[in-house]
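The next block holds one structure in the form of structure tokens; read it before the comments.
The values are calculated or read from the model by the stated rules, or taken from the named source; none is laboratory data. Just so we're clear, the structure is a prediction, and the values are computed from it rather than from any experiment. Neighbour counts run over all protein chains shown; Cβ positions are idealised from the backbone, glycine included. When the accessible area is computed, the model is the full protein with side chains, heavy atoms only, and any ligands, DNA or RNA have been set aside. Shrake-Rupley method; radii C 1.70, N 1.55, O 1.52, S 1.80 Å.
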Amino acid sequence: MNSDAIRPTTWATFKGQEDSVLKIRMALDSAKMRKQPLGHVLISGPAGTGKTTFVNIIAADTGHKLTLATGISLRKDTEFFELLKSAAVTGQHAILFIDEIHAIPPASQDNLLTLMEDGRISVRKDGKPQVFALAPNTHVTIVGATTNPGKLNKPVYERFDHKLVFSPYTVSELVDVVKFTVSRLDAITKITDEAALEIAKRSKGVARVATKLAKACQDTAVLKDRKVIDRKVTDATFQIHDIDEYGLSTKVDTKVLKYLFLSYPKPVGIESMAQLIDEDPQQLLGVVEPQLFKLEFIIRQRGGRVITQKGIAYLRSKGVINELDEQTALHEVVS
Ligand SMILES: Nc1ncnc2c1ncn2[C@@H]1O[C@H](COP(=O)(O)OP(=O)(O)O)[C@@H](O)[C@H]1O
Ligand SMILES: [Mg+2]
């Protein structure tokens, strides 16, 4: 099954992010009443918190054509020009969704700004700059999503009419996400409250993690020939997928923690942590780290992250570090 089937497609089924939903629905209603295009929207937030889902619902609400692009693919003026050509509908309003919008190189962000300000872009053709403008009554609303808004040029950032910030989901919101996801699965569509809560607690505040775990539970249930996802199914799934009661896994989280422990008290930089678990730094910043911060297993320091006593106690309780490790680590501190 494709992941689109479990994406909410209406405001009623989109869980959490209530502030952002409220703000954008007011903006959408007002734009409709004024018969004006929706202002430009910037959505900032960690990976898997529903940004893409939200943009699809905006587009469905307006009924406007939606074109998808990613910041990484917009390195040259000409790429921007081609994209704009395919996004715009003469005499109508359209929406251009640029995912990871901060990845547009700073120099190319100038084009984004002129497009947002007055529907123009400047393209070098045969070495000469040429200006292209959208046709009269034609408008393209830019909706940008980013895990890293700080990388946008200040004027571009400021130009967005609606700046929305997506935050981690609460456990009770994640229970709703899990239940909604399960209702949309193809083989198993029932889950007990208890099982939904167990999944939510291990989802690290991230909707995508919750949906992935729900899908993994479906697989277990199918294989075990069960009709409902209950506590037995979730327990078996967490065991197979190496997820503990905090939602942490030995392949990722404990590996990071052990590395921090062995480096203690020297802070470890993001890049080396990302390399260690073979993940990109954004995933680390967006999904892995927030949970470790929340659990107070690590803290921020100049130059990187440092494990806390709580983090060390966790490693000990899991048998990840033994006395020998502790002596070695201690030795490094003393010398
Ligand atoms: N608010 C939500 N309510 C229910 N499910 C959600 C919600 N947000 C995200 N999801 C689920 O999580 C998955 C990842 O969301 P997505 O929009 O791709 O996140 P992002 O674009 O922020 O990385 C989606 O496929 C969807 O099934
Ligand atoms: Mg996305």
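Descriptive notes on the structure:
- Among the residues of region 136-149, the one identified as of a type outside the set (S, T, N, Q) and surrounded by fewer than 12 Cβ atoms within 10 Å (Cβ to Cβ) is 136.
- Qualifying strands (runs of 3 or more DSSP E) (wholly inside region 122-219; at least 3 residues being within 25 Å of residue 15 (Cβ to Cβ)): 139-146, 162-165
- Filtering 60, 5, 27 for residues that are over 16 Å from the mean Cα position of the chain (by Cα) and near ligand 1 (Cβ under 10 Å from one of its atoms) leaves a single hit, 5.
- Lone unmet requirement of (1) without any contact (Cβ under 8 Å) to a residue 24 or more places away in the chain; (2) charged (D, E, K, R); (3) within 16 Å of ligand 1 (Cβ to nearest atom); (4) within 29 Å of residue 94 (Cα to Cα) for residue 125: (3)
- Test: residue in region 271-279 that is in a loop (DSSP other than H, G, I, E, B) and open to solvent by 60 Å² or more (accessible area, probe 1.4 Å): yes
- Residue ID - most open to solvent (accessible area, probe 1.4 Å), chosen from residues in region 176-212 that are closer than 19 Å to residue 290 by Cβ and more than 11 Å from ligand 1 (Cβ to nearest atom): 201
- Residue check for residue 42: within 15 Å of ligand 1 (Cβ to nearest atom) and open to solvent by less than 60 Å² (accessible area, probe 1.4 Å): yes
- Being within 16 Å of ligand 2 (Cβ to nearest atom) and surrounded by fewer than 16 Cβ atoms within 10 Å (Cβ to Cβ) holds for only one residue in 9, 49, and it is 9.
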